[in-house]
Structure formats: structure tokens, C-alpha cells
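Quick notes on the structure that follows.
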Amino acid sequence: MDKIIIHGGKKLSGTIPVSGAKNAALTLLPCALLTDEPMTLRNLPRLADIDGFQHLMNQFGVSTTIAGSRPEDFGRVMTLEATRITSNVAPYDLVRKMRASILVLGPMLARMGEATVSLPGGCAIGNRPIDLHLKALEAFGATIELAAGYVRAIAPDGGIPGGSYSFPVVSVGATENALMAAVLARGTSSLHNAAREPEIVDLCNLLVAMGAEIEGIGTGDLVIHGVPRLHGATYRVMPDRIEAGSYACAAAITGGEVTLAGARAEDMAATLQALRDAGVHVEVVKDGLHVAANGKLRPVTISTAPYPGFATDMQAQLMALLCRAEGSSVLTETIFENRYMHVPELNRMGAHIETKGRTAIVHGVPKLTGAEVMATDLRASMSLVIAGLAAEGETQVHRLYHLDRGYERLEEKLSLVGADVERVGD
Ligand code: UD1
């Protein structure tokens, strides 16, 4: 298994291109199921999760072709064509590797009148149930059956009537599934307390480009007028706000200065505010962001929250940065119950972090030291890379497959800005 070796202490300087957003791509891809016409996605990141989703779509009989595969290209173009769907079952083997597979439930139900998806099971950052996905589909008139580890959703007489659902908790995935189901419903549907993440707006924009009728895009109240059919579309995946935020933390912890080409500041207000509060200089420039730090960082108190709040997917990376602040920061994780797996590993690198339930107190330290570390999720792994960039000596981050799920060519992008990083086989 590959690992990454970092020799810390280099100030990052230069330009990092921001890739297409993983989490947007994972909800745009299943939209191909909603039409028998070709759908083309541009700016798809080259990531293991995207390859996994392509494989899942192929398993349903969806044909996929990829352009832009030159090794020097960042991003790819994929055309998906679901002319004839040959299976409506997402098997355990694929779903267990990639939780986002659950996002085929809504569109498959809408197109085929029936969908069967393996239950995703446990996950490194908490239980992550899918009850809200199922309740929303039920509210739209689907029947849900659970048996042998699978969930089966069935529409009466082959089509969902549509309905109204109010989420008790904001859920990104459940909002996405419900939206993709409602666009082909027989009637009008409404969603209240829906997630407002930029990736949901990206999804709505693609659906509208395919002929869907959605009101309230970007708000927590969505009204979807079902249409009898959707057509194909060509769509560019939005830039990855979490990747951009991660590299901003990486540059800041080294006291460096980078331009994040293609980053969209309006999607990242809470992250940018947290960075500014920490004393990092952030400026919106033409087609991107400029981030500069002078080595002095201030402590920050912040809680994760649904968008437009501070993203849980940025918590671990910000924590790594705050390890070097002058004073104590307080981070509270309100979205997932078990999202501090990076804490013991950061502490092994000389950080001083205490956790009490959902709160972490990060006492800034004057230096971090390199170590062999590993993490059990994507963003936790990135926080160890960020710490390694500022640590004295050598850091080895194991279990690189987590990073390959979410960071397109991490070591290449970091090398572009002067980091001493290399990928080696274990
Ligand atoms: C998505 C993102 C993930 C991000 C998360 C929160 C993708 C592929 N993943 O995950 O990177 O960390 O949003 O921004 O886009 N919940 C329930 N029942 C449900 C669904 C969710 O109780 O049916 C709870 C979850 O346990 C969690 C909270 O709701 O506590 C938010 O989860 P949710 O927004 O659904 O996260 P995901 O869509 O899985």
C-alpha cells in the first residue's frame, strides 16, 4: 500500500489548480439515470470514488466514455448514457466501498419505478443512518422495504406521486436523493429544512439544465414540479471548496503564500472567515483566491454546522493549522459523533489537543515533529499531511487510499508549490 513521505518546513509558494468537487460529482453522476439521452460532465476530478461510481453506473447498464485522459490533464470529461437500464440493484460489494452509492436510490426509483440498494453500513465517522433518505421517499409516495441488508423502494403503478417532507435534521445526501426522485414525479413535491450546500445548488442547476422545474434553489425550501421526462445535458462540475480550503490551511501552516486557481470564494465564506480569524490573509483574486500567512497564527473558536456554517469536512484541516496558533482554540463538531480520529495522530506529532465529547481544545505548540501516522478517513488523513508540511523532520502518512478518494494528485499539487512530498510503495 502506498504512503506519502513529507519533509516538513518548506514554505509553500505558487499556484495550485483547484479540481472539480468530489461531493458535487457524486450527486451529478447518478442524474444520468434520469434520462435516456447522453449526459456529459466536465471537470470531473480523477479520484478513486469517481471511478467507483462509474463502475456502479456500468453495472446498471449505463455506458460511460471518458475524454481528457492525458496524464498531464487535471480533470476529465465523462459522457454517460442510460439508454436502457438493465439492472436496478446496487450490490453490497460496491456500496460498502462507497457510501455515496446510496444516491442512486432516488433517481433509479424515479426512472424505473423501483430500486434496490444495499444498506451502506457503518462508517469511520459515525453511524451515518439513511432513515431520512427513506422517509423523504416515503413522503413522496414510495413504499420502502428492508430485507437482507438491502433497501427496496417501489413506486405505486410505476411512478412516484410526489409529496411534502420536512427534514428534522439537515441532511445533504437525503436532500439530494429526494430532489432526484421528485423531478420525475407525477405531481409537485416540496422539501423543507433542506440542505443548502453549494453542491445541492450544483445538483439543482444540472437538473434544471436537463429540463427539471425547481423553485427555491439555494434555500432550505424547495418546490419541485415533476415533469414527464428529462433530456440530456452538458455540465461543468463546480470547483471543490473543501480541496481549496485544505490547500489554504496547508499554505498557511507553512507561513507560505499560494494562489488557489479556480476556487470560488462565495462557496467558502465560513472557511475564509475562520482563516482570517486565525490571522491568515485571504484575498479574492480574478478566478481564484490568494492566501498568505506570516507564520503567526491566532486561536479560533468555531463549531461545525450545515451550510452556510463551517463545514464538518474542513474541521480536521483547520485543527491541524490551529496546532501552531499562539493560544488555545476550541472546535466543536456538531454534525458527526466520531470525527476526531486525527487527534491522537496529531498529538503523536507533538500537538496538544484534548477532546471532551464533541469539543476539542487545541493548545497551540511552538513546533510539530514528523512521525509515522495514519488516519481512517479522508479529511483526517489530509490534516496529517498539513501537519507534516510544518513539522520538523520526516512524516510518513500511511493508508494513502483515503487521500486518493478525495484529493486529485495531492503530491503533484503540493510539489507544484515547493513542498517536499513523495509517494512511495510501502
Ligand atoms: C455529505 C458529504 C460529506 C459531509 C456531509 C456533511 C457527500 C458524498 N458527502 O455526507 O462529505 O461530511 O455531507 O456536510 O456529499 N443523518 C441522519 N439520517 C439520514 C442522513 C443523515 O440522521 O438519513 C445525519 C447524519 O448522521 C449526520 C447528519 O445527518 O449526523 C448530516 O449528514 P448528511 O448531511 O446526510 O451527510 P452525507 O450526505 O452522508
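Residue-level check: of (1) more than 16 Å from the ligand (Cβ to nearest atom); (2) charged (D, E, K, R); (3) modelled with pLDDT of 95 or more, Arg70 misses just (3).
Which one is farthest from the ligand (Cβ to nearest atom), of the residues in region 221-240 that are out of contact with any Leu (no Cβ under 8 Å at 6 or more places or on another chain) and part of a loop (DSSP other than H, G, I, E, B)? Checked region 221-240; the qualifying residue farthest from the ligand (Cβ to nearest atom) is His231.
Given Pro228, Pro239, which one is more than 26 Å from Phe167 (Cβ to Cβ), modelled with pLDDT of 95 or more and surrounded by fewer than 16 Cβ atoms within 10 Å (Cβ to Cβ)? Can you show your working first?
Values: Pro239 fails: surrounded by fewer than 16 Cβ atoms within 10 Å (Cβ to Cβ).
Every option except Pro228 fails the conditions.
Test Ala100 against the criterion of being over 16 Å from Leu28 (Cα atoms), outside the structural domain of Ala305 (by TED's automatic domain parsing), touching a residue at least 60 places away in the same chain (Cβ under 8 Å) and surrounded by fewer than 24 Cβ atoms within 10 Å (Cβ to Cβ), and give yes or no.
Against the criterion (over 16 Å from Leu28 (Cα atoms), outside the structural domain of Ala305 (by TED's automatic domain parsing), touching a residue at least 60 places away in the same chain (Cβ under 8 Å) and surrounded by fewer than 24 Cβ atoms within 10 Å (Cβ to Cβ)), Ala100 does not qualify.
Against the criterion of being modelled with pLDDT of 95 or more and in a loop (DSSP other than H, G, I, E, B), Thr79 does not qualify. Scanning region 302-333 for residues that are of a type in the set (S, T, N, Q), farther than 21 Å from Ala390 by Cα and in contact with a helix residue (DSSP H, G or I) (Cβ under 8 Å, 6 or more places away or on another chain) yields one hit, Thr304.
When residues in region 225-241 are screened for being under 13 Å from the mean Cα position of the chain (by Cα) and not aliphatic (A, V, I, L, M), 3 of them pass. Residues in region 332-374 that are closer than 17 Å to Leu321 by Cα, assigned to a loop (DSSP other than H, G, I, E, B) and within 16 Å of the ligand (Cβ to nearest atom): Glu333, Arg339, Tyr340, Met341. Examine region 321-333 for a residue that is of a type in the set (S, T, N, Q) and touching a Pro at 6+ places or on another chain (Cβ under 9 Å), and state whether such a residue exists. Yes, because at least one residue in region 321-333 is of a type in the set (S, T, N, Q) and touching a Pro at 6+ places or on another chain (Cβ under 9 Å). Any residue in region 6-20 that is closer than 29 Å to Ala182 by Cα and either within 13 Å of the ligand (Cβ to nearest atom) or without any contact (Cβ under 8 Å) to a residue 12 or more places away in the chain (or both)? Scanning region 6-20, I find no residue that is closer than 29 Å to Ala182 by Cα and either within 13 Å of the ligand (Cβ to nearest atom) or without any contact (Cβ under 8 Å) to a residue 12 or more places away in the chain (or both), so the answer is no.
Taking the conditions exactly as written (of a type in the set (A, V, I, L, M, F, W, C) and over 15 Å from the mean Cα position of the chain (by Cα)), does Ala32 satisfy them or not? Criteria met by Ala32. All told, Ser164 meets the bar of being in the same structural domain as Met57 (by TED's automatic domain parsing), open to solvent by 20 Å² or more (accessible area, probe 1.4 Å) and in contact (Cβ under 8 Å) with a residue 12 or more places away in the chain. Condition first: at pLDDT 90 or above, within 17 Å of the chain's Cα centre (by Cα) and not hydroxyl-bearing (Ser, Thr, Tyr). Now tell me which residues in region 96-129 satisfy that. If the condition is that a residue be at pLDDT 90 or above, within 17 Å of the chain's Cα centre (by Cα) and not hydroxyl-bearing (Ser, Thr, Tyr), then Ala100, Ile102, Leu103, Val104 are the ones that fit. His290 passes every criterion in (1) assigned by TED's automatic domain parsing to the domain that holds Thr40; (2) touching a Leu at 6+ places or on another chain (Cβ under 9 Å); (3) not polar (S, T, N, Q) apart from (1). Output yes when any residue across region 363-385 is in contact with a Pro (Cβ under 8 Å, 6 or more places away or on another chain) and open to solvent by 20 Å² or more (accessible area, probe 1.4 Å), and no when none is. There is at least one residue in region 363-385 that is in contact with a Pro (Cβ under 8 Å, 6 or more places away or on another chain) and open to solvent by 20 Å² or more (accessible area, probe 1.4 Å). The one condition from (1) under 30 Å from Ser166 (Cβ atoms); (2) among the aliphatic types (A, V, I, L, M); (3) open to solvent by less than 20 Å² (accessible area, probe 1.4 Å) that Val201 does not meet is (3).
The values are calculated or read from the model by the stated rules, or taken from the named source; none is laboratory data. Quick caveat: nothing in here was measured; it's all calculated off a predicted structure. Note that each Cβ is placed from the backbone with ideal geometry, even for glycine, and that neighbours are counted across all protein chains shown. Heavy atoms of the whole protein, side chains included, go into the accessibility calculation; ligands, DNA and RNA do not. Shrake-Rupley method; radii C 1.70, N 1.55, O 1.52, S 1.80 Å.
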